Amino acid sequence: MPSQQPHTRLPGRLGGLLGLWLTLLLTGAFFVAHAPEAEAATSKKKTTKKKSSKKKPKKRPAASKPERVQPLSRDVDGAWGVTSGGEILEEEVEGDAEDGEEEEGGGDAMSQLDAIEKELLAHPPDPEPAHIELPPVISDPRPIDRKPGWVKHEVIPGETVDEIAERYNVTREQVIVWNRLDKKKPKLPFPGKTVRVMTKDAPLPRERLEHVAKRGETYESVAKDYGVEVEKLQRWNKKAGKKVESKEKLVVYREQPPPEALSGTGLAARLQQIRVPTGGVSIGKPSRGRLIRGVALPDRPDLYTRRKPDEAYGSTHAIGELMAAITTFRHQTGFKRSIVIGGISRARGGRFRPHKSHQSGRDMDIRMPVTAAAEGKRHITANDIDWKATWQLMRAFIDRGQVEYIFLDYQLQARIYKVAREQGATKEQLEHWLQWPVKKPKHQIIRHVEGHKVHFHVRVRCADHEKHCVTSR
Ligand SMILES: [Zn+2]
């Protein structure tokens, strides 16, 4: 498998980033030169349209809101509805009484976004994925103890005793003894039959897939598509060296990701593997912006659950930060329960109801981690929240230095304050991070925005190379 994946070397990445940066500079120059015409052409039409679609702010009882802290913006997150897994996460009302960030002069902004989008799309992105750096793994502070147990391993075509031993982290001799194989010339049972292995590192059974070859495909291309080794693919299909015929059925055995957080060692090995496609660029403001080549949040059941995959697109930078923070959090805490990711953005960004922001691929809603007793519950309340884990997860984001804001209901910030102090955060640190118990908002990262009670909202900063990404305050 590893030989099939392109390995990103840092100098190559830097070169790529430099290229992208230059491209963006040129794009900016083009855009400045052409903006006035674009403005003149579209402003009239868009202005009229704007008026008719303008939002009427809804009134709410004042009691539902803390007195002294004014929301930063009108950001609103969607109702947390029923997921495919059957959990209802949160019901939230759209809108809040503050009039705020809804942008005026939309026509200009839209034509600007159109121009930027067109330019960025004209330049193909770096084919090398971005490699996200993670802090070095020193040791696992809380190794997850698992007792060894017997597992049945189904033999696949062409498999060897050594491969089985490696897969379960045991020795060749053990596999031989446990299965009473011939010591000199061990012969495995036929494919489909099983052997038994005593292990505490059992991966999930492999998936058996059938691939119908299309014209022009080769063993190399099929192996690459499935992330398997060519030589193994040929062994599974007993066709070493021969060509793949059109419409030929090829059997592929693919490893499955583990269902939950990995053991310390497993996760450490994976820490090096966060790679995110490049080209996902945030443009404009979170409340009036777009996403170029939105990067889909990959399916990683070992890290998180995606509530709606089609609403989980982000910039390369934001997706990388999200994956890195959760990986670090899982590793540092050993937290094994689910983390549910709600809305990020749509593939192209833009207005995404009922959210006010979430337009440019760098806003993400994350359900608060819950206690063991509440895992799987349909409705969760503040009592179900695992505050320590919530704080540790927020801290994993903050420590990466790429978070602009975290939105969290002011009253709940008191809970975070308490647990953060218990976890060793100083009062000085918390003054920078939390509004509570400060009476007025200053520049704190964690700030009150209505409706963030069982989920929090992370806004990732603009990346250095995102020249058209706008920080709204
Ligand atoms: Zn949100």
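Some notes on this structure:
- Only one of the numbered conditions (1) surrounded by 19 or more Cβ atoms within 10 Å (Cβ to Cβ); (2) touching a helix residue (DSSP H, G or I) at 6+ places or on another chain (Cβ under 6 Å); (3) assigned by TED's automatic domain parsing to the domain that holds residue 340 is not met by residue 454, and that is (2).
- Meets criteria (out of contact with any helix residue (DSSP H, G or I) (no Cβ under 9 Å at 6 or more places or on another chain), over 30 Å from residue 116 (Cα atoms) and either within 16 Å of the ligand (Cβ to nearest atom) or touching a residue at least 12 places away in the same chain (Cβ under 8 Å) (or both)) for residue 396: no
- Just one of the listed residues (312, 318, 296) is surrounded by fewer than 22 Cβ atoms within 10 Å (Cβ to Cβ), at pLDDT 95 or above and in the same structural domain as residue 115 (by TED's automatic domain parsing), namely 296.
- Output for segment 197-215, where each listed residue is surrounded by 12 or more Cβ atoms within 10 Å (Cβ to Cβ) and within 18 Å of residue 168 (Cα to Cα): 197, 198, 199, 200, 201, 202, 203, 205, 206
- Subset of segment 444-473 that is β-branched (Val, Ile, Thr) and in a strand (DSSP E or B) - its residue that is nearest to the ligand (Cβ to nearest atom): 458
- Qualifying residue in segment 220-237 (condition: at pLDDT 80 or above and touching a Pro at 6+ places or on another chain (Cβ under 7 Å)): yes
- Pair list, Cβ under 6 Å, 6 or more apart: segment 119-132 residue assigned by TED's automatic domain parsing to the domain that holds residue 275, other residue among the β-branched types (Val, Ile, Thr) and in a helix (DSSP H, G or I): 119/27; 123/23; 130/316
- Entry remark, segment 315-370: residues being within 26 Å of residue 278 (Cβ to Cβ), part of a loop (DSSP other than H, G, I, E, B) and away from the ligand (no atom under 16 Å from the Cβ) number 2 in total.
Conditions (1) at pLDDT 90 or above; (2) more than 24 Å from residue 338 (Cα to Cα); (3) surrounded by fewer than 14 Cβ atoms within 10 Å (Cβ to Cβ), marked per residue:
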site: 390; (1), (2), (3): yes, no, no
site: 403; (1), (2), (3): yes, no, no
site: 408; (1), (2), (3): yes, no, no
site: 417; (1), (2), (3): yes, no, no
site: 439; (1), (2), (3): no, yes, yes
site: 458; (1), (2), (3): yes, no, no
site: 461; (1), (2), (3): yes, yes, no
site: 472; (1), (2), (3): no, yes, no
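- Residue check, residue 398 on the phi < 0 side of the Ramachandran plot and part of a helix (DSSP H, G or I): yes
- When residues in segment 105-163 are screened for being among the charged types (D, E, K, R) and modelled with pLDDT of 85 or more, 9 of them pass.
- Among residues of segment 347-375 being of a type in the set (Lys, Arg) and closer than 26 Å to residue 329 by Cβ, the one that is surrounded by the fewest Cβ atoms within 10 Å (Cβ to Cβ) is 367.
- Residue in segment 231-249 that is among the hydrophobic types (A, V, I, L, M, F, W, C), within 32 Å of the chain's Cα centre (by Cα), part of a loop (DSSP other than H, G, I, E, B) and surrounded by 12 or more Cβ atoms within 10 Å (Cβ to Cβ) present: no
- Residue check for residue 158: surrounded by 12 or more Cβ atoms within 10 Å (Cβ to Cβ) and at positive phi: yes
The values are calculated or read from the model by the stated rules, or taken from the named source; none is laboratory data. Bear in mind the structure is a predicted one, so any value in this text is a computation, not a measurement. Cβ atoms come from the backbone with ideal geometry, glycine included; neighbour counts cover every protein chain shown.
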